[in-house]
Amino acid sequence: MTHEKDPQQKPVENTGLSRRGFLGASAAGAALVGTAGIGSAVMSRESWAAAVKNAQQNYHVAPGELDEYIGFWSGGHQGEVRVLGIPSMRELMRIPVFNIDSATGWGITNESKAIMGDSAKFLNGDCHHPHISMTDGRYDGKYIFINDKANTRVARIRLDIMKCDKMITIPNCQAIHGLRLQKVPYTKYVFANAEFIIPHPNDGKLFDLQDDNCYTLYNIIDAEAMEVAFQIIVDGNLDNTDADYTGRFAAATCYNSEKATDLGGMMRNERDWVVVFDIEAAEKAVKAKKFTTLGNSKVPVLDGRKRNGKDSPFTRYIPVPKNPHGLNTSSDGKYFIANGKLSPTVSMIEIAKLPDLFANKLKDPRDTIAAEPELGLGPLHTTFDGRGNAYTTLFIDSQVVKWNMADAVRAYNGEKVNYIRQKLDVHYQPGHLHASLCETRDADGKWLIALCKFSKDRFLPVGPLHPENDQLIDISGDVMKLVHDGPTYAEPHDCILAHRSQVKPKKIWSRNDPFFAGTTAMAKKDGVDVYSDNKIIRDGNKVRVYMTSVAPSFGITEFKVKQGDEVTVVVTNLDQIEDVSHGFVMVNHGVSMEISPQQTASVTFVANDPGLHWYYCSWFCHALHMEMVGRMLVEPA
Ligand code: K7E
Ligand code: CUA
Ligand code: CA
């Protein structure tokens, strides 16, 4: 499926447009879009060139200048979230979430382990979909939520400190994939798709997926409490999801309506479906206690499957072709768009028709389809510019296609109109794409990121494992213009862009921040004020070492313990100067952590080896940073 290197695919010099882009309705393009009534609305070479020139924005961010947008990138199966400035594409920060991080001590410190909970035993994660919390359909800058497909988790990041503060494992499920947030009236719920169909109970007695007791669940998570509020059993499986701008509906794609176990089986049906959820109706049923539970879990479970051809009160199934993948709500609030993947089409579901669908006033669920434009091969995801245009990735064609939604609807209704605006080659095999503010009412059509799965020849070779290629495209004008190639480490499935004014992180920590409140509470019980005291508390074979740190020294530079003691080191950084972070590393003990200004951090280990053990500050904090050291003296048992 990957591109052979083909000179025809190279952008035409000075325009960023490919040969295919110039030709628009070339033979290949026409074959794909011909049946949808594409005319010959191809711009002349001169007008393309002029349009490209007009579309150019100054994307260079000079040294010392700040980006206009802040982007959050999923780290994929690397497990973290990365923060980038847009348009510079400079990586600004990394936020460890489902991974273990040597610099900050994520997965090593007591604070991070408490947040990871039972799942701290896992050393890996596979995150795909970062989404920023919203109020009234606009980013409110409070949280980012992100899924972990590998270990069936959902995590939350506090944007004021850019740290993960909650992580939960979703019960009764395998593999959380699609994740989106309620947009309106605010992000009360996180919607999370469990992708894989499993037996219930999954106790080794049932393995036939066709059995009625094999299914998967749509998860509705209380965003503030970070608890699963309820789950809805569905037919088929679940891939991607999104919510609407009324607050009532959410929708998800299903590619395995066949409940198959193999590739051939999963491609058997010409149509799978989009399942639409009536969240209000489901909430009502839960409130009225009309639910069941599964196994040991107390989470309310509703059955959203069709029974004997009859719909449940909470769900409707809209057939769409074929193994659909991305599900995107248009920023004008009008459509759920399902991306056809094995079909060259996307299906536009008219959200205004959904109340009638649930009221059984439509003859056929397909009556909600406003249009099904043909775009090209392998449509995966769609984004929006707020000017009525949509942009869809074509995985197999290695292109981003810009198309007009109103024209697509007119063409679907029989008018002769070309809804395709432009096809731009990207490099190569794009999955997600994301335009600035596109998941909100504020979609501003300035920048678009195409997250390409293959980079092939675009960068210096670095061995058999290649970076991904996240390409920055200027969409502010009439014509898309590729302006930057951004290599990224495995594997950003998705990213999200907010305006810099929408995210306001703190510059130093607040004292007693909830992130480490458990640790300061422990100190209090020990009679220690972490903001002034340097004290060693012995409690049987447990030793708690409380020390302050001010550049360039630790408050305690020598402490004595006995071999076999369980040692907890608590460090509080008393520096109040922005950017003066310290670290604490106990040599040869697998201990490392970050302590930023006014932060308290702690780590627990066993002092197994008698002798002298140096500890040091790992963050270059001062001219005398190398001298910021101490010794743990371990007496033999
Ligand atoms: Cu990679 Cu959103 Cu997990 Cu599509 S998903 S590409
Ligand atoms: Cu403190 Cu280096
Ligand atoms: Ca299928």
| query | Which whole-angstrom value gives the distance between the alpha carbon centres of region 83-147 and region 153-173? | reply | 8
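Which whole-number percentage describes the relative contact order of region 170-231, with Cα contacts under 8 Å and a sequence gap of 6 or more? Walk me through the intermediate numbers first.
Values: 112 pairs, mean separation 18.8, N = 62.
Computed over region 170-231, the figure is 30 percent.
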| note | Once both label points are put 7 Å beyond Cα along the C-beta direction, the Asp118-Asp211 separation in nm becomes 2.3
| remark: Most exposed first, judged by fewest Cβ atoms within 10 angstrom, Val587, Val567 run Val587, Val567
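Can you put Phe207, Phe515 in order of Cβ neighbours within 10 angstrom, beginning with the fewest?
If I rank by nearby Cβ atoms, fewest first, I get Phe207, Phe515.
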| query | Counting only the backbone N, which residues of region 616-637 are under 17 Å from the spot 7 Å out from the Cα of Asn588 toward its beta-carbon? | reply | 616, 630-637
| request: Evaluate the relative contact order of region 263-345 (contact order divided by residue number), counting alpha-carbon pairs under 8 angstrom at least 6 apart; express in whole percent. | output: 31
| task | Find the eigenvalues of the gyration tensor of the Cα atoms of region 134-219, then list the square roots of 5 times those eigenvalues as equivalent ellipsoid semi-axes, largest first, in whole angstrom. | result | 31, 14, 8
| query | At Lys542 and Glu566, where each label point lies 7 Å from the Cα along Cα→Cβ, what is the point-to-point distance in nanometres? | reply | 0.6
| note | Checking rank on 269-281, 624-636, 383-395, with mean other Cβ inside 10 Å and highest first, the result is 383-395, 269-281, 624-636
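Sort 498-504, 303-309 by packing, meaning the average of other beta carbons within 10 Å per residue, with the highest value first. Write out the running numbers ahead of the final one.
Values: 498-504: 16.3, 303-309: 13.4.
Highest-to-lowest ranking by the protection proxy: 498-504, 303-309.
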| message | Starting from the 7 Å offset along Cα-to-Cβ, what nm value, one decimal, do you get for the label separation of Asn296 and Lys504? | response | 4.5
| request: Report Rg/Rh for region 533-637, rounded to two decimals, where Rg is the Cα radius of gyration and Rh the Kirkwood radius. | output: 0.96
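Divide the volume of the convex hull of the Cα atoms of region 200-242 by its number of residues and quote the answer in cubic angstrom per residue. The partial results should precede the final answer.
Numbers: hull volume 4.1 nm³, N = 43.
Convex hull of Cα atoms, per residue: 95 Å³.
Within the set Lys142/Lys166; Lys306/Lys353; Lys423/Lys481; Lys183/Lys446; Lys142/Lys506, which residue pairs have Cα atoms separated by over 18 Å? Intermediate results must be reported in sequence, preceding the final value.
Numbers: Lys142/Lys166 13 Å; Lys306/Lys353 20 Å; Lys423/Lys481 11 Å; Lys183/Lys446 22 Å; Lys142/Lys506 12 Å.
Lys306/Lys353; Lys183/Lys446, as the Cα separations exceed 18 Å there.
Counting only C-alpha contacts under 8 Å and six or more residues apart, can you give the relative contact order of the chain as a whole percent?
Working: 1738 pairs, mean separation 73.8, N = 637.
Relative contact order of the chain: 12 percent.
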| Leading residue at positive end of dipole, the chain (Cβ point charges), from Gly64, Tyr245, Gly117 | Tyr245
| Three principal axis lengths of region 484-592 [C-alpha, angstrom, descending] | 57, 29, 27
| field | By average C-beta atoms within 10 angstrom, highest first, the peptides 531-538, 326-333 | value | 326-333, 531-538
| message | Using all alpha carbons of the chain, what is the percent of pairwise distances in each 20 Å bin, ordered from the shortest bin to the longest? | response | 18, 47, 28, 7, 0
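Starting with the fewest neighbours, write out Cys452, Cys617 ranked by other beta-carbon atoms found within 10 Å of each beta-carbon.
Values: Cys452 29, Cys617 26.
Placing the least packed residue first, the sequence is Cys617, Cys452.
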| Estimated [θ] at 222 nm from DSSP helical runs (n ≥ 4, -39500 (n - 2.57)) normalised by residues in the chain, nearest 500 | -2500 deg cm²/dmol
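Every read-out reported here was derived from the displayed coordinates using simple, explicitly stated rules and does not represent laboratory data. Everything numeric here is computed off the predicted structure, so don't read it as measured data. Glycine also receives a Cβ, built like all others from the backbone with ideal geometry; neighbour counts cover every protein chain displayed.
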